[in-house]
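Quick notes on the structure that follows.
The values are calculated or read from the model by the stated rules, or taken from the named source; none is laboratory data. Quantities reported herein were computed from a predicted structural model and do not represent experimental measurements. Neighbour counts are summed over all protein chains in view; Cβ atoms, including those assigned to glycine, are modelled from backbone coordinates with ideal geometry. Keep in mind that these areas ignore ligands, DNA and RNA; they rest on the heavy atoms of the full protein, side chains included. Shrake-Rupley method; radii C 1.70, N 1.55, O 1.52, S 1.80 Å.
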Amino acid sequence: MRRPAAILIPAAVVLLGLPFVACRPKPRVPGWVQAAPADSVAAFSGEAGWMLTHKEIQSLISRDPMVERALDLFLQKARINPRTETGRVTFHVMGMPQEGEQNLQKGLEHVLIQLNQFADPTALVAALAESFPQEGSLHLQGRDWPLHVILDLETQGTKAHIRAASDEKGQIWIGSLEALQRMAAKDSLATQPDAALAAEWISARAPFQGYLQPEALLDGLRRNLEGSLIKDLPQGVRALFWSITPSAQKDQPIRFELALAGSTEGINQVTPWLQRLVAAANAVQAAPGAAPQLMQEKHRVGLRCALTPEQLKLVMEKLGQPGFSLTLPTGIPKA
């Protein structure tokens, strides 16, 4: 069986050197990326039915009890049934906590929840208005939108005000006042060229997707990335997107996509990093199915491959996301 690391060796690599054209069309990016805040340094996005019911995802959410409480309260009062909902839930990390920012207020400032692509966004916004009192407004996308009180918290003299707002697309945003105001003051992630280029090379319909801003993470969390390959990325790689698509059939390989974008120099130097990532996965066991595919342009590089659950777990750990031991669902249509 051909091992995935083999195709990353220059002599055998499947490389698509696709030149840029003068009038390049606007990148087509997943829906959650189109409105994602530009200050998001990391994000984890997934289908609502699994994000809100799967025990291992719930374990990840419960690492921040206040965020978990705010989301649960919203789901209950807005009468959302996560087992039947078809939308997407995304958790954004808005900037990195600085040393000493361990109190309640500072923790919540760095988390923003995005709910979009729901089956009936009009009903979702109506449920928000009916279930939570209005207090103030948020200037977003050129107009003022009502802010709704989810809950106010006070612990040891520290206050946090959790609010929710909708936008013209029927998306719901939940977070602290500070996180919401920070999001509203910036353009979307999709307006950043590197982020848009990388996002275009993952499947928009993949059940699980994520984003990392490597340089920002290294500045804020370097000491927490031991064992991760993120710290070894060459300078100039500014955006990293991944997607996971389980097979519709049990015990079949999982489709994994990885896309990185940045400066020409950074992208030219990223192949050895990809070799190490795939070699680490391959050390667990040989990958099933077809050999991986590597694609490269001047400002981005992408990898598509099939992984076993054990390989996926290791790859996510190498991407700086330990604890991602997701028991993936079956029966999800392929993207």
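Would a scan of the stretch 155-165 turn up a residue that is surrounded by fewer than 17 Cβ atoms within 10 Å (Cβ to Cβ), out of contact with any strand residue (DSSP E or B) (no Cβ under 6 Å at 6 or more places or on another chain), closer than 19 Å to Ala35 by Cβ and at pLDDT below 90? For the stretch 155-165, residues surrounded by fewer than 17 Cβ atoms within 10 Å (Cβ to Cβ), out of contact with any strand residue (DSSP E or B) (no Cβ under 6 Å at 6 or more places or on another chain), closer than 19 Å to Ala35 by Cβ and at pLDDT below 90: absent.
The set of residues from the stretch 185-220 being open to solvent by 50 Å² or more (accessible area, probe 1.4 Å), part of a helix (DSSP H, G or I) and either of a type in the set (Lys, Arg) or at pLDDT below 90 (or both) comprises Glu215, Asp219.
Only strands (runs of 3 or more DSSP E) whose full extent lies in the stretch 253-315 are considered here, and the ones with at least 1 residues that are small (Gly, Ala, Ser) and within 24 Å of Ile57 (Cα to Cα) are 254-262, 300-307.
Considering the stretch 172-184, and only residues there that are part of a helix (DSSP H, G or I) and not hydrophobic (A, V, I, L, M, F, W, C), the residue that is surrounded by the fewest Cβ atoms within 10 Å (Cβ to Cβ) turns out to be Gln181.
Kindly provide the set of residues from the stretch 229-268 that are over 13 Å from Lys298 (Cβ atoms) and open to solvent by 70 Å² or more (accessible area, probe 1.4 Å), ordered by number. The answer is Gln235, Arg238, Gln249, Lys250, Asp251, Gln252, Arg255.
Conditions (1) modelled with pLDDT under 85; (2) buried (at least 20 other Cβ atoms within 10 Å of the Cβ); (3) touching a Pro at 6+ places or on another chain (Cβ under 9 Å), marked per residue:
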site: Leu8; (1), (2), (3): yes, yes, yes
site: Pro19; (1), (2), (3): yes, no, no
site: Arg28; (1), (2), (3): no, no, no
site: Ala35; (1), (2), (3): no, yes, no
site: Asp39; (1), (2), (3): no, yes, no
site: His54; (1), (2), (3): yes, no, yes
site: Asp64; (1), (2), (3): yes, no, no
site: Leu71; (1), (2), (3): yes, yes, no
site: Gln76; (1), (2), (3): yes, no, no
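Sub-8 Å Cβ pairs linking a first residue in the stretch 73-91 that is within 18 Å of Ala204 (Cβ to Cβ) to a second residue that is aromatic (Phe, Trp, Tyr) and in a helix (DSSP H, G or I), at least 6 apart or interchain, are Arg88/Trp32; Thr90/Trp32, ordered by first then second residue.
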